[in-house]
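Input: a single structure, listed below in structure tokens.
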Amino acid sequence: MEPNIIPRIREELALNVDEKTKASSSRFFKEEVHCYGVKSAFVGRIVKNYFNEIKSKDKKEIFSLCEELFRSDYCEEAFIAAEWAYMVRNNYSEDDFFTFERWVENYVNNWAKCDTLCNHAVGSFIEKFPAYVEKLKTWALSDNRWVRRAAAVTLILPARKGNFLDDVFEISDLLLKDRDDLVQKGYGWMLKEASKPHRQEVFEYVMNNKKEMPRTALRYAIEKMPPDLRARAMEKNWKK
């Protein structure tokens, strides 16, 4: 059965379109998106069921299937690809970074694709090969808004665990005055996660940079802080 796995996945997605989901899917994005309109819980079942058919294959073959799914540009197929890429994380090797980088550059064209791939697969790669965090700093300089957002959201889960704090601040420095609101939200989110184990350090970073930090990023960064610290971060902030 396995050789026809992609056509079977596509057929199952097409047969399980939920009109309400399809109608609402575009509300979450400013850019045009391609979605079948399948409920996320159902897509999650597809991820697991079909992975059982391919889990014995080598990583290269699985990544090739991921790429085929990404290429379609459908949100649900991108979600399946990103999840499969994460499910083989125990087999990551250093050269996988360049596959992930290519996927981000070529196939990520909305925040959902960016976050699904980077939060899990790319974030796990960086935890396994921490030296590659330096590559994220080159992403932060990209002309591509999604590559810049990826530089930040890749560190969401590591930052939540208290790791890579210096790198979180370096990437925030590089993105500090970014004019793209989705990049601002990305690095603000990264700072928010870092603030859970490192509240004082992140608060000091925000206070030191709040004159230049866009309001969107600042609000995200301080969201989980106590009310008194949030108030201090927000006061007299917008003098030009």
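The values are calculated or read from the model by the stated rules, or taken from the named source; none is laboratory data. Quick caveat, the model's predicted, so the values are computed rather than measured. Every residue, glycine as well, gets a Cβ built from its backbone with ideal geometry; the counts of neighbours run over all protein chains shown. For accessibility, only protein heavy atoms count, side chains too; no ligands or nucleic acids. Shrake-Rupley method; radii C 1.70, N 1.55, O 1.52, S 1.80 Å.
Brief remarks follow.
- Accessible area per residue in Å² at 1.4 Å probe, computed on region 145-240: 49
- Positive-end residue of LEU155, ILE126, ASN91, charge dipole of the chain with Cβ unit charges: LEU155
- Accessible area of region 37-130 divided out per residue, in Å², using a probe of 1.4 angstrom: 43
- Three-way shape call for the chain based on the alpha-carbon gyration tensor, with the a/c threshold at 1.5: prolate
- For the chain, the fraction of 1.4 Å probe accessible surface lying on carbon and sulfur atoms is 48 percent.
- Under 10 Å, Cβ to Cβ, from GLY186 - net charge with Lys/Arg +1 and Asp/Glu -1: 0
- Highest mean packing comes first when the peptides 151-164, 24-37, 196-209 are listed by Cβ atoms within 10 Å, giving 151-164, 196-209, 24-37.
- Cross-link partners of LYS59 among lysines (Cα-Cα below 22 Å; sequence separation of 8 or more within a chain): LYS48, LYS113, LYS128
- If only the Cβ of Lys and Arg carry +1 and only the Cβ of Asp and Glu carry -1, the dipole of the chain around its Cα centre is close to 1140 debye.
- Distance in nm between pseudo-label sites at GLU212 and ASP181 (7 Å out along the Cβ direction from Cα): 2.4
- Candidate lysines for bridging to LYS236, where Cα separation is under 17 Å - those fewer than 8 sequence places away on the same chain excluded: LYS210, LYS211
- For the chain, the relative contact order works out to 12 percent when only alpha carbon pairs closer than 8 Å and six or more residues apart are counted.
- Here the spin labels are modelled as points 7 Å beyond Cα on the Cα-Cβ line, and at LYS137 and GLU32 they lie 3.9 nm apart.
- In a simple Cβ point-charge model (Lys, Arg +1; Asp, Glu -1; nothing else charged), region 1-63 has a dipole of about 240 debye relative to its Cα centre.
- Using only side-chain charges placed at the Cβ, +1 for Lys and Arg and -1 for Asp and Glu, the dipole size of region 100-151 relative to its Cα centre rounds to 60 debye.
- Ranked by solvent-accessible area (1.4 Å probe, protein heavy atoms only, all chains present), the residues GLU76, GLU19, GLU12, GLU94 order from largest to smallest as GLU19, GLU94, GLU12, GLU76.
- Each residue of region 76-83 was assigned a 3J(HN,Hα) from its phi angle through the Karplus expression (A = 6.51, B = -1.76, C = 1.60, θ = phi - 60°), giving 5, 5, 5, 4, 4, 4, 5, 5 Hz with x at Gly and Pro.
- Links that overshoot a 28 Å alpha carbon limit, given the list LYS20/LYS224; LYS135/LYS177; LYS22/LYS60; LYS161/LYS185: LYS20/LYS224; LYS22/LYS60
- Karplus-derived HN-Hα couplings along region 149-155 (A = 6.51, B = -1.76, C = 1.60, θ = phi - 60°), whole Hz, x at Gly and Pro: 4, 4, 4, 8, 6, 4, 9
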